[in-house]
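S.K.: Quick one: the structure is below, and I'll ask about it shortly.
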Amino acid sequence: MFASVISGAVCGIESRLISVEVDISNGLPGFSMVGYLSSEVKEAQERVRAALHNSGINPEPRKVTVNLSPADIRKAGSGFDLPVAVAMLTAYGYIPEKAVSGIFFAGELSLNGKLRGIHGILGMVGEAKLAGCHSCIIPAANVREGAVIQGIRVYGADDLDEVVRHLCGTKMLEPYDINIEEIFQNAINHHKENFSDIKGQETVRRAAEIAAAGRHNLLISGPPGTGKSMIARRIPSILPPMTLDESLEVSRIHSVAGILPEEGILGERPFRMPHHTVSAAGLAGGGTIPRPGEISLAHKGVLYLDELPEFQKETLEILRQPLEDREVTITRNSGTYVFPSDFILVASRNPCKCGYYPDRTRCRCSEGEVRRYLHRISRPLLDRIDLHVCAGSVTYEDLKDETSGESSEDIRKRVLRAHKIQTERYAACRYRFNGELPSEAVAKYCRLDEEGEKLMRSVFVKKRLTARTYHRILKVARTIADLEGEENILIRHLSEAVCYRPEE
């Protein structure tokens with residue numbers, strides 16, 4: 001007796017459909033599973049046996065062979081418990097064969113037959129829909145997440161008994177239906193952090209606006225207590241709202257990581273702030289079957305690295321490829337995985353180990369110690385950060401000033417106008433924002449007049465710029481011009497952009 005049902009596996013952040021095949025034959029009773037399986041998948045046989053028994057189902061002892069196909073994809077996770085149990089019951093004749101046709105199954109089984117939620121359901125259900133499945137049966141804990149995918153019936157079950165009754169037609173489950181547009185709008189939590197809370201720091205606020213307008217990377221230097229983290233946390237509040245397509249893309253990544261909110265969809269752009277002790281795999285993603293790291297979880301949002309020199313140098317160097325290519329590639333024996341990483345990098349650092357240089361009334365660091373501290377960040381990485389700005393100490397008058405600063409809503413309006421200009425300018429291109437311009441496009445879209453060329457030549461020599469830094473200054477100047485609605489880069493735009501590069 002043979003039966004087959006459809007399930008799925010997560011490969012990186014992509015999902016692949018898996019055929020769960022079960023053969024029941026005569027011979028010495030036993031249970032074997034094949035198909036390039038991880039240890040947790042092999043353990044499914046024990047969970048399935050106990051779940052069937054505790055659900056009141058005791059099939060005749062036979063030789064059971066389970067194959068998860070295709071065999072060249074490594075299967076991991078506990079989501080194959082339910083499809084293995086359903087395929088077994090279909091092969092034994094407990095469930096009609098036609099009842100499982102065109103249905104996707106995924107879920108972990110407890111020993112008592114209860115269904116537990118798993119990671120990656122959003123992508124799996126989407127893949128099942130593309131493959132032509134008309135329905136999917138998943139744990140009730142995942143049903144809201146699965147129902148985000150429109151055009152396929154999604155059923156949530158609490159235990160194995162409910163699944164069997166539904167397939168046998170004795171007690172049907174009700175499909176879970178949601179209004180995706182309504183859910184998406186409700187998931188948009190208006191930011192509690194607002195730029196109006198920031199006292200002083202006009203230069204840093206301006207740099208943050210430019211970073212958001214052109215999707216440029218930003219480094220904030222300054223002593224402790226000057227509001228570096230406060231400003232970084234508020235940058236998402238001036239970014240444009242995510243579209244539904246962007247939300248689904250980001251939600252799929254967070255679903256694989258198992259951190260998707262109860263709504264089943266993300267409404268706000270991600271803000272990720274890993275601790276400086278994060279490992280290279282934690283930042284870029286990794287594992288035997290790689291899972292997304294912090295840079296992918298920050299996709300379409302902001303990755304904030306506080307106390308940048310405190311991160312391991314080897315960990316920071318991983319950022320080079322993602323900052324250039326907007327994706328990270330990880331190669332394992334099981335294959336090559338590509339994770340998206342289109343984020344704005346915001347970082348902050350102290351001017352020295354103690355944080356108070358050059359205030360010699362409080363700083364006791366030697367000049368050598370200061371240099372060694374700052375040189376923990378490599379030149380190639382600094383070259384990939386477009387805006388370098390210093391946060392000065394906040395004065396008593398700033399703190400006592402009762403007038404509110406400019407709100408995030410007002411800043412966002414200017415950012416949106418700049419984004420619209422860039423969207424129209426690059427409508428026929430593969431890039432959308434000034435910060436994404438490749439070097440060949442800089443010459444086309446960031447032209448300077450004679451006065452600007454003269455200034456740029458002088459700066460290039462004086463600051464000993466690299467070609468990459470030269471291009472990034474021009475891209476920042478282009479964004480400043482867009483914020484002012486100017487078609488051409490004027491000398492004042494270029495002069496301001498130059499101010500955001502440190503002396504080498």
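The values are calculated or read from the model by the stated rules, or taken from the named source; none is laboratory data. This is a predicted model, so every value here is computed, not measured. Backbone-built Cβ (ideal geometry, glycine too); neighbour counts: all protein chains shown. The protein model used for the area step is the full one, side chains on, heavy atoms only, and it has no ligands, DNA or RNA in it. Shrake-Rupley method; radii C 1.70, N 1.55, O 1.52, S 1.80 Å.
S.K.: Expected output is a single nm value to one decimal: the length gained when fully extending between R16 and M1, i.e. 0.36 nm times separation in residues minus the C-alpha distance. What is it?
M.R.: Gain on stretching R16 to M1: 2.8 nm.
S.K.: For the full complex of protein chains and a 1.4 angstrom probe, list M88, M230 by accessible area with the highest value first.
M.R.: The most accessible residue leads, giving M230, M88.
S.K.: Leaving out ligands, DNA and RNA, and with a 1.4 Å probe, what % of the accessible surface on the chain is carbon or sulfur?
M.R.: Carbon plus sulfur share of accessible area: 49 percent.
S.K.: Roughly how far apart, in whole Å, are the Cα centres of segment 100-152 and segment 211-228?
M.R.: Answer, in whole Å: 42.
S.K.: Working out 0.36 nm times the residue gap between E406 and S110, then minus their Cα-Cα distance, what length gain in nm do you get to one decimal?
M.R.: Full extension of this stretch gives 101.2 nm more.
S.K.: How big is segment 392-488 along each principal axis, measuring the range of its Cα positions in Å and listing the largest first?
M.R.: 48, 36, 21
S.K.: I've got another one for you. Give the value in nm², to one decimal: projected area of the alpha carbon convex hull of the chain, averaged over all directions.
M.R.: Projected area, direction-averaged: 27.8 nm².
S.K.: Still on this model: If you take the Cα Rg of segment 302-461 and divide it by 2.2 N^0.38 Å, with N the number of residues, what do you get?
M.R.: Relative to the rule-of-thumb radius for its length, segment 302-461 sits at 1.34.
S.K.: Using each residue's phi in segment 17-24, evaluate 6.51 cos²θ - 1.76 cosθ + 1.60 at θ = phi - 60° and report the 3J(HN,Hα) Karplus result to the nearest Hz, with x for Gly and Pro.
M.R.: Result, rounded to whole Hz: 6, 10, 8, 9, 10, 10, 10, 10.
S.K.: I would also like to ask the following. Starting from a Cα-only point model with no solvent, please compute log10 I(q)/I(0) by Debye for segment 133-226 at q = 0.22, 0.24 1/Å.
M.R.: Here log10 of I(q) over I(0) equals -1.11, -1.21.
S.K.: Along the charge dipole of segment 249-398, which of T277, V370, V338 sits closest to the positive end, that is, farthest toward it, with unit charges on the beta carbon of Lys, Arg, Asp and Glu (+1, +1, -1, -1)?
M.R.: Toward the positive end, the furthest listed residue is V370.
S.K.: Roughly how much of F31 is accessible, in Å² to the nearest 10, using a 1.4 Å probe?
M.R.: Looks like 30 Å² after rounding.
S.K.: Next question, about the same structure. Of K413/K444; K454/K475; K300/K413, which sit over 21 Å apart, Cα to Cα?
M.R.: Flagged as over cut-off: K413/K444.
S.K.: Which percent of Cα pairs goes in each bin when the distances of segment 1-136 are cut into 10 angstrom slices starting at zero?
M.R.: The distribution over segment 1-136 is 13, 46, 35, 6, 0, given as percents.
S.K.: Continuing with the same structure: Charges only on Cβ, +1 for Lys and Arg, -1 for Asp and Glu: so what's the dipole of segment 370-504 about the Cα centre, in debye to the nearest 20?
M.R.: 920
S.K.: At a Cα cut-off below 29 Å, give the lysines reachable from K98, other chains included and same-chain residues fewer than 8 away excluded.
M.R.: The reachable lysines, counting only those whose Cα sits under 29 Å from K98, are K42, K63, K75, K114, K129, K171.
S.K.: Okay, next question. Could you give the size of the charge dipole of the chain about its Cα centre, using +1 on the Cβ of each K and R and -1 on the Cβ of each D and E, expressed in debye and rounded to the nearest 20?
M.R.: 1360
S.K.: Once Rh for segment 189-276 is found with the Kirkwood sum over Cα pairs, what is the Stokes-Einstein diffusion coefficient at 25 °C and 0.890 mPa s, in µm²/s?
M.R.: Calculated translational D: 168 µm²/s.
S.K.: So how far apart, in nm, are the two label points at R432 and E496 if each is 7 Å from Cα heading toward Cβ?
M.R.: 2.4
S.K.: What fraction, in whole percent, of alpha-carbon pairs in segment 294-352 exceed 14 Å separation?
M.R.: 59
S.K.: Could I ask something else about it? In Å², what does the accessible area per residue of the chain work out to with a 1.4 Å probe?
M.R.: 45
S.K.: Pull up all non-local amide H partners of D159: gap of 5 or more, or a different chain, and H-to-H distance under 5 Å with H placed in the peptide plane.
M.R.: Residues meeting the criterion, in which the H sits 1.01 Å from N, are L115.
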